[in-house]
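Have a look at the structure below, then the notes.
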Amino acid sequence: MFRTHRVNQVGLAVLAALILSVAPAYGDEAENAGAPGSWLSNFVSARAVGLGGAFVGCADDASAVIWNPAGLATLVPNELRFETARLFEDTSVYDFNFAVPGSKLPTFGLSIVTLQSGSFDRTNELNDPLGSFNEGETAYIFTVARNLSPRLALGTNIKMVHQSVEDYSANGFGFDLGAIYDVTPTLKVGASLINLGGPNMTLRDTKETYPVEFRGGFSATVFRGRGLISFEADQSQGPGLRLRGGTEYWVQPALALRLGVDDQQPAGGLSYRFSGRYQFDYGALDSPLGMTHRLGLTYRFGGFFASAKAEPQIFSPTGETAVTNIQLNARTKANPESWTLTRVNKPEQGVRGFGGKGAPPSHLLWDGKDETGLPLSDGIYRYTLSVRDAEGLEIDSQTQAVEIYTGGPQGSVPVIPVQ
């Protein structure tokens, strides 16, 4: 207990240090509208776009490395993500993320973000046409993140940026730091410092340095985890203070809707989960230069998980198939401490629950009765397996459904007269 309390104090100190380390001097916005590295510091994933970019206190998927590298420590399954966005003047952005959550080892991630411009006309001093050229920038980001306690996660990015314009090219290196602290089970605060020590780029004779940027904010889950509220304040040299906020609500287990505001610019989006492992994300932002759209696809596999599946999915307590066999399986980061399997009916009322210490059993049988031993009425009942490990991390399975049907077969029985 003393060690956990000590680590939590360290976590608060780290967050305070990140906040206090923000540089106090910031120039005029118009003066640095095209600040070096703005393409990367302004990169927002499709899901984060829908939240208005307020992602530093949430940062719970593989794209978190751009906004807050500590968020990678919260991952449960492995994640593979690809995103694309069509911007202005034929400019496109592509993003690839891969993350593997760790238990004894930290969580590792690799991200590649590429910006490709359209064609620019090349001329000489007399304005004679000399063809065209393109500008491209690519960032390679390696991330390490770890939970120091059930409440505190820290992470760092090591990134290399490559830029090419016409026949010139340059490389630069930099670092990012981030932290996420769970104030309560439903409230998180996060902070990150971006572009520490660079990258520094020199294409010809002029050296450009990516400005240090601070991000701080919080996220709160509501409606029993179906909703999310997030807020963020960003401070960087040039643009100065930028406020972001957004909301997310899972209308169904497979469909989420989002609304947000990115510094007075409206945003929105949605997510759709399918086949258990895939998620499609869409985000739109109405900026002064016009509407931009982002598309993302996520594949989740392996890693740490919980699963529950009933066989058969339709059974009759009064028929030949009187029980259903529910297969249970889980893999947690730390040793499993407890598990629960809860069933609810349509009005969101619990009708039967199972649970115990340690890991869940390989299977259990359900006879269609409630907690008092009375048979339940026909209908569809949903169930979720939740497993909590020794470090306080709770992993939930996908919500599944099982149906009780006692109506029996329909139809008529032919009558054969006796000769």
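Brief remarks follow.
- Failed condition for residue 258, given (1) charged (D, E, K, R); (2) surrounded by 18 or more Cβ atoms within 10 Å (Cβ to Cβ); (3) not in a strand (DSSP E or B): (3)
- Residue 80 at pLDDT below 90, surrounded by fewer than 19 Cβ atoms within 10 Å (Cβ to Cβ) and either on the phi < 0 side of the Ramachandran plot or touching a Cys at 6+ places or on another chain (Cβ under 8 Å) (or both): no
- Pairs meeting the criteria (first residue in region 65-76 and in the same structural domain as residue 44 (by TED's automatic domain parsing), second residue of a type in the set (Val, Ile, Thr) and surrounded by fewer than 24 Cβ atoms within 10 Å (Cβ to Cβ), beta carbons under 6 Å, at least 6 apart or on different chains) are 65/141; 69/156; 76/395.
- Residue within region 357-379 that is among the hydrophobic types (A, V, I, L, M, F, W, C) and within 30 Å of residue 104 (Cα to Cα) present: yes
- Qualifying residue in region 197-206 (condition: at positive phi and of a type in the set (Asp, Glu)): no
- Residue within region 353-368 that is among the basic types (Lys, Arg), part of a strand (DSSP E or B), in contact (Cβ under 8 Å) with a residue 24 or more places away in the chain and touching a strand residue (DSSP E or B) at 6+ places or on another chain (Cβ under 6 Å) present: no
- Answer residue from region 369-419, given it is of a type in the set (D, E, K, R) and assigned to a strand (DSSP E or B) and is modelled with the highest pLDDT among those: 403
- Pairs, first without any contact (Cβ under 8 Å) to a residue 40 or more places away in the chain in region 323-346, second assigned to a strand (DSSP E or B), C-beta under 6 Å, six or more apart: 327/309; 327/363; 329/307; 331/305; 344/350; 344/382; 345/351; 345/381
- Residue match in region 331-339 (condition: more than 20 Å from residue 405 (Cα to Cα), buried (at least 17 other Cβ atoms within 10 Å of the Cβ), among the polar types (S, T, N, Q) and not assigned by TED's automatic domain parsing to the domain that holds residue 100): yes
- Residue check for residue 321: in contact with a strand residue (DSSP E or B) (Cβ under 8 Å, 6 or more places away or on another chain) and within 26 Å of residue 77 (Cα to Cα): no
- So residue 225, is it outside any strand (DSSP E or B) and either closer than 22 Å to residue 400 by Cα or not assigned by TED's automatic domain parsing to the domain that holds residue 47 (or both): yes
- Per-region count, region 269-301, residues surrounded by 20 or more Cβ atoms within 10 Å (Cβ to Cβ) and not hydroxyl-bearing (Ser, Thr, Tyr): 8
- Verdict on residue 22 being part of a loop (DSSP other than H, G, I, E, B), more than 27 Å from residue 304 (Cα to Cα), at pLDDT below 90 and among the hydrophobic types (A, V, I, L, M, F, W, C): yes
- Scanning region 188-221 for residues that are in a loop (DSSP other than H, G, I, E, B) and of a type in the set (Asp, Glu) yields one hit, 205.
- Index of the failed condition, residue 136 passing every other in (1) in contact (Cβ under 8 Å) with a residue 12 or more places away in the chain; (2) not in a strand (DSSP E or B): (2)
- Only one of the listed residues (57, 52, 102, 27) is farther than 21 Å from residue 295 by Cβ, at pLDDT 90 or above and part of a loop (DSSP other than H, G, I, E, B). That residue is 57.
- In the set (1) of a type in the set (A, V, I, L, M); (2) surrounded by fewer than 14 Cβ atoms within 10 Å (Cβ to Cβ); (3) touching a helix residue (DSSP H, G or I) at 6+ places or on another chain (Cβ under 7 Å), residue 193 fails one condition alone, (2).
- Looking only at residues in region 69-83 that are under 11 Å from the mean Cα position of the chain (by Cα) and not small (Gly, Ala, Ser), the one that is farthest from residue 159 (Cα to Cα) is 76.
The values are calculated or read from the model by the stated rules, or taken from the named source; none is laboratory data. Here the structure is a predicted model, which means the values were calculated and not measured. With ideal geometry, Cβ positions are generated from the backbone for all residues, glycine too; neighbour counts draw on all protein chains shown.
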